[in-house]
2 protein chains.
Amino acid sequence: MTHEALCGASISQLKKFCEQIREEIFQTVAVRGGHLASNLGVVELTVGLHRVFSFPKDKIVFDVGHQCYTHKLLSGREDRFFTLRQRNGISGFPKRTESKYDSYDTGHAGTSISAALGIAKARDLKGENFQVIALIGDGSLNNGLVYEALNSLKILNTNILIVLNDNGMSISPTVGGTHEVLDEMKGAEVPTEDIALFERYGLQYMGIYNGNDLEEVLPALERAKKALKTGSVLLHVTTRKGQGYAFCEQEPDRTHGISPSKPGKEYSTALGEELVALAKKDKRIVAVTAAMTDALGLRPFFERYPERAFDVGICEEHASVLSAALAAEGMRPYYAIYSTFLQRAFDEVIHDICGQNLPVTFCIDRAGVSGSDGETHQGVFDLSYLSMIPNLTVAIPKNIAEFRLMLRESAHMNGPLAIRYPREGTEGEAGTVDIGKFEVLHSTMSDIVIFAAGERCLALARGVIEKAESEGIGVTLVNARFAKPLDTEMLDARGEKYVITIEDNVLLGGIGEAIAQYLCNSGKHVFSFGFKDCFIPHGSVRELMEEFGPNADEVLRCIRDCHARG
Amino acid sequence: MTHEALCGASISQLKKFCEQIREEIFQTVAVRGGHLASNLGVVELTVGLHRVFSFPKDKIVFDVGHQCYTHKLLSGREDRFFTLRQRNGISGFPKRTESKYDSYDTGHAGTSISAALGIAKARDLKGENFQVIALIGDGSLNNGLVYEALNSLKILNTNILIVLNDNGMSISPTVGGTHEVLDEMKGAEVPTEDIALFERYGLQYMGIYNGNDLEEVLPALERAKKALKTGSVLLHVTTRKGQGYAFCEQEPDRTHGISPSKPGKEYSTALGEELVALAKKDKRIVAVTAAMTDALGLRPFFERYPERAFDVGICEEHASVLSAALAAEGMRPYYAIYSTFLQRAFDEVIHDICGQNLPVTFCIDRAGVSGSDGETHQGVFDLSYLSMIPNLTVAIPKNIAEFRLMLRESAHMNGPLAIRYPREGTEGEAGTVDIGKFEVLHSTMSDIVIFAAGERCLALARGVIEKAESEGIGVTLVNARFAKPLDTEMLDARGEKYVITIEDNVLLGGIGEAIAQYLCNSGKHVFSFGFKDCFIPHGSVRELMEEFGPNADEVLRCIRDCHARG
């Protein structure tokens, strides 16, 4: 439906339209995977925004961005919507390169108000006239970046509309003091002094409206638009995550993200199991997460040891400092987090944890490409940004069994440890783990050795070696399970003339570069394979590895070349 | 004075003692440099804390940490205090390795409440009994990390004392909505509903007390200590930055940090000059800073173009997203920041600026070792954590003249650019700058070439080359002015067998590693010099370069070895 059609439609027509959108989202996500509950919750709200405002002249920034499906369906992308999250298809997040209706790319939490302020300020400086909207959930509202943006509303002296989509959920239920205030507001008959939470920053507070009820939300949006003439506005809307589908409404956390296929064995399951077992023997062990208890496998720990388990909301930085301080006082924190989100706590990893050489163990999930979520969710930088930090040990298990060993080993370490791993893996078997020691997995008389890091790259290497050996070319395989410290003893001792490195991390600053530098005056040849120097879009893990990452054909070609050179 | 002596002293004795401390701080900082105004402001408050609480059993976390001098004088370090900020002397910041009275290391803003919560939670889990205090200024209160910590007070369910040291200043005057609320509170006769700013998080608010008046602050601290039995407390104290020295009180921004010697020519001056000149011709140019207008040289721009100049407070992340959004709407933001503080915005540099390939120019000051502030202020990671990010160009000017050229060039770029430079430099001369192109500075028939990045490393290289040439060894010198993209054309074309790289960045992930990887199959030998893989303490720039960084003697030895090998 075009903007004009939306404006002309009756409420009952709009309601019917919303049901069609809901069905379209449900059907597509069932096949393609994606964010379900969050998108089902904001159908009426988004239809309302598209009726009351004029996109793309007006601009909207979606915080996190996983709730933009209705927006995409309303902005000329309905014909391609079935390609959602497929390679070269529609992204599950806003993308400026995809549509002029997408004003600003998001993926991580808490950026929307800052971004809306920047867009609005640019508008003012250019003397243009349009409205800028930030649509933000109550989960994101916990993030420190939001507070920094609110604090600068008066400094920047511009007008934006913040639509607070309050559904009581992050991926996990929203936690913390701010959330309690929102709950209090929702329970009150009349606006309470809690409104000061927003008014102190110069916002006109308008609320609370049922965001799933068009008859309530449409006039509210109209009033908010009028109020924008005199200053920035916060429109407080409640929605129901998963609205319209009973199983989503009842389990909004489990239906936040849907996978089209049943996942295989996951590293996160092992994390939960091992932490519970370790904690039983060691009272110092605590677990920390930034609003992702289930996805990271921490549920068993949270249930068994609630007093030693901390979900601090979408606050990756605070979770890091909290972990550092717990460790400074003798505890052994395990901070589980997605690779891409740990970027948000980079300074705290350096300044608080590694700077004080504190025994915090980072359990870094979704390392390597994570797939269909695209650019903002790939975990392809961690080996680079972690290996450069003094005092930090960086480990890459070859399988889940080795991951378990590394976790057990971590309890004996006196400094920080990062273990990074993909979502899915195989249990496999593992021998022993010595910190900083590689492991020869397959030894053959050959002039070629592959150092591969992590389960995916080892699988790739094994496939390539099988082919090479069928051609009569022997290749030795090493499990390069520590990006730092490098196993320089093994690097010195190996006699092969040709060294091939494989990692599912960008090449710049990765393990291949470190090995190349170490061997650069040894007379050996080093060929490194990893992810290209670009942002990697959405697609399947297999597609992305082949197109952007270490590629089996290229590695095989390299082996043949080495062999031919002799 | 010991804790016991402090407890036994009369108010007038304490007042006299405070004057002695003030004099000690002033005399030491006058000779050694350091943070003056911030330390003079908290003398009475710190004496009060040491009388009312029992350190080191009780723990205190100093936010930022630059206000800990009185604490150091009161905790057994008075005999060594004259070594302040000298190599192997007393650090200007809290250091756990220096004293058991220092509970937690700080240096960057906003960590104290998170850290205090972690310490308190560990105390509870261990069943111990002591008090935990976070001493935080109103400037730090703007930082998002503080909000994340406040939000989790109720989640963590522990008791801490937050002492808010409200002096109305960051380094620049404090800005923003939160600051306005504090100002309102200070103006009110009775506590206003603004107290809800803190109470909503579960804090008991106590205030407002004159932190420079012992007769007011001592009983307040006693009451706060008692109140801690029933929950966390925020004690709101006003102090006067620079208290006791008229010139400090009048110019708290200029006396925030004191250098013992007059600095030479600074890059920041050139930044201010160039930005004003560029902005005159180009209306798209805007400047962004996180509370450091003067130190970064932006004052002339702020005065000339106030409507295009944004100081958003100590909010490095928000400043990044704001810059990204301004750029997304066609503006050309110049975001000036210290190297070490940009770490705080790492995720936003990736996710918001480079991910959308937006033309934001980072003007990164205090790159390389910054000297006397120590571990938390060295700028030795930036080449590593920036070069790995797709779309970003990373430039290292050889002198101030070349810095000016790079700034002018930046206005024509269509993607993000980072220019990193030390505090002081020489104007010098510059030819032309092509993005991604190195420059041969000194050419000779030789088998040895040095690629040196930035003014300090080029100076080191020149000194070494002079000595080598006096020994009859010719060495070619190249200005490796882009860490990314590398000038692979020149790397391919150069014929020298021995390649030496010099950078004032950690070796891991730096320009030397990238060059080594690029050349690793060329038959050339690559020797890289940079900072060691450790946190670099305080000392003079010269001392730290010699001890931890690229070292002239080692480079000269390397040249002699290469020459001998032929």
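Things worth noting here:
- Computed over chain A, the per-residue total of -39500 (n - 2.57) for DSSP H runs of n ≥ 4 gives a 222 nm mean residue ellipticity of -11000 deg cm²/dmol, rounded to 500.
- Phi to ³J(HN,Hα) by Karplus 6.51 cos²θ - 1.76 cosθ + 1.60 over region A:442-457, Hz, x for Gly, Pro: 8, 10, 8, 6, 6, 9, 10, 10, 10, 9, 10, 10, x, 4, 5, 6
- The GluC sites (Glu not before Pro) found in region B:186-261 that occupy coil by DSSP, while having at most 16 further C-beta atoms within 10 Å, are B:GLU189.
- Fully extending the segment from A:GLU184 to A:ASN157 would add 6.8 nm, taking 0.36 nm per residue of separation and subtracting the current Cα-Cα distance.
- Contour excess over end-to-end distance, with Cα ends at A:GLU471 and A:CYS534 and 0.36 nm allotted per residue: 19.3 nm
- Listed residue (B:PHE527, B:GLY41, B:SER370) projecting farthest to the positive dipole end of chain B, Cβ model: B:PHE527
- Hits among aspartates and glutamates - C-alpha to C-alpha of A:LYS15 under 12 Å, sequence gap 8 or more where chains match: A:GLU44, A:ASP213, A:GLU215
- The residues packed around B:HIS318, meaning those with a beta-carbon under 11 Å from its beta-carbon, carry a net charge of -4 if Lys and Arg are +1 and Asp and Glu are -1.
- Between identical copies, the spacing of A:SER470 label points, each set 7 Å from Cα toward the C-beta atom, reads 6.6 nm from nearest to farthest.
- The rotation axis taking chain A to chain B passes closest to the C-beta of one chain A residue; that residue and the distance in whole Å read A:GLY144, 1.
- The phi torsions of region A:391-398, fed into the Karplus equation with coefficients 6.51, -1.76 and 1.60 and a -60° offset, translate into couplings of 6, 8, 8, 10, 10, 9, x, 7 Hz, rounded to whole numbers, with Gly and Pro shown as x.
- Within region B:510-541, backbone nitrogen closer than 14 Å to the virtual label 7 Å beyond the Cα of B:SER259 toward Cβ: B:540-541
- Residue exposure sequence - B:ASP382, A:ASP294, A:ASP79 - by fewest surrounding Cβ within 10 Å: A:ASP79, A:ASP294, B:ASP382
- With the simple model of a label 7 Å out from the Cα in the direction of the Cβ, B:LYS283 to A:ARG560 spans 6.0 nm.
- For peptide A:153-162, the mean count of partner chain Cβ atoms within 10 Å of a residue's Cβ comes to 2.
- Using a 7 Å projection from Cα along Cα-to-Cβ, the label point at A:LYS280 is separated from the same position in the remaining copies by 7.5 nm, smallest value first.
- Each other copy holds its own label point for B:LYS437; taking that point as 7 Å from Cα along Cα to Cβ, the gaps run 5.3 nm, nearest first.
- Cα-Cα pairs of region A:439-565 separated by more than 25 Å (percent): 18 percent
- Degrees, to the nearest 10: A:267-281 long Cα axis against longest axis of chain A: 80 degrees
- D_trans [Stokes-Einstein, Kirkwood Rh over alpha-carbon pairs] for the protein assembly as shown, 37 °C, 0.692 mPa s, µm² s⁻¹: 108 µm²/s
- Sites listed here are GluC sites (Glu not before Pro) in region A:358-450 whose DSSP assignment is loop and whose Cβ has at most 15 other Cβ atoms within 10 Å: A:GLU427, A:GLU429.
- Cβ-based net charge around A:LEU182, under 12 Å, with every Lys or Arg adding one and every Asp or Glu removing one: -4
- Of all beta bridges that DSSP places with both ends in the protein assembly as shown, some 15 percent have antiparallel geometry.
- Qualifying lysines (Cα of each under 29 Å from Cα of A:LYS262; at least 8 residues distant if same chain): A:LYS72, A:LYS95, A:LYS241, A:LYS398
- Placed amide H near A:PHE527: partners under 5 Å, 5+ positions off or other chain: A:VAL499, A:ILE500, A:THR501
- Neighbours of B:LYS121 by Cβ distance under 10 Å: Lys/Arg scored +1, Asp/Glu scored -1, total 0.
- In chain B, the longest principal axis of the Cα atoms and the axis of helix B:214-227 are about 90 degrees apart.
- Percent of alpha-carbon pairs separated by more than 16 Å within region A:1-75: 45 percent
- Set of aspartates and glutamates near A:LYS265 by C-alpha distance (under 19 Å), chain-local residues within fewer than 8 positions excluded: A:GLU273, A:GLU274, A:ASP294, A:ASP365, A:GLU402, A:GLU424, A:GLU427, A:GLU429, A:GLU455
- Antiparallel DSSP beta bridges within region A:267-420, percent to nearest 5: 5 percent
- Each residue in A:ILE364, B:ILE258, A:ILE396, A:ILE171 was given a count of other beta-carbon atoms within 10 angstrom of its own, and listing them fewest first yields B:ILE258, A:ILE171, A:ILE364, A:ILE396.
- Value of Rg/Rh across chain A [Cα atoms, Kirkwood radius]: 1.01
- Across A:LYS154/B:LYS281; A:LYS497/B:LYS497; A:LYS154/B:LYS186, pairs whose alpha-carbon gap is larger than 24 Å: A:LYS154/B:LYS281
- Rg/Rg_globular for region A:267-420, with Rg_globular taken as 2.2 N^0.38 Å and Rg from C-alpha atoms: 0.93
- Residues whose amide H falls under 5 Å from that of B:THR238, counting only those 5 or more places apart or on a different chain, are B:ASP166, B:TYR209, B:ASN210, B:GLY211, with hydrogens built in the peptide plane.
- Projected over every direction and averaged, the convex hull enclosing the alpha-carbon atoms of region B:3-258 yields 12.9 nm².
- The charge dipole of chain A, taken about its Cα centre with unit charges on the Cβ atoms of Lys, Arg (+1), Asp and Glu (-1) only, comes to about 720 debye.
- Proxy reagent accessibility, fewest Cβ within 10 Å first, across B:LEU383, B:LEU298: B:LEU298, B:LEU383
- Of A:LYS226/B:LYS283; B:LYS59/B:LYS126; B:LYS283/B:LYS484, those spanning more than 19 Å from alpha-carbon to alpha-carbon: A:LYS226/B:LYS283; B:LYS283/B:LYS484
- Helix axis angle, B:177-187 relative to chain B longest principal axis, alpha carbon, degrees: 30 degrees
Readers should treat all values here as calculations from the given coordinates under stated rules, not as data from a laboratory. This one's a predicted model, so the numbers in the text were calculated from it and none came from an experiment. Here Cβ is always computed from backbone atoms with ideal geometry, including for glycine, and neighbour counts include all displayed protein chains.
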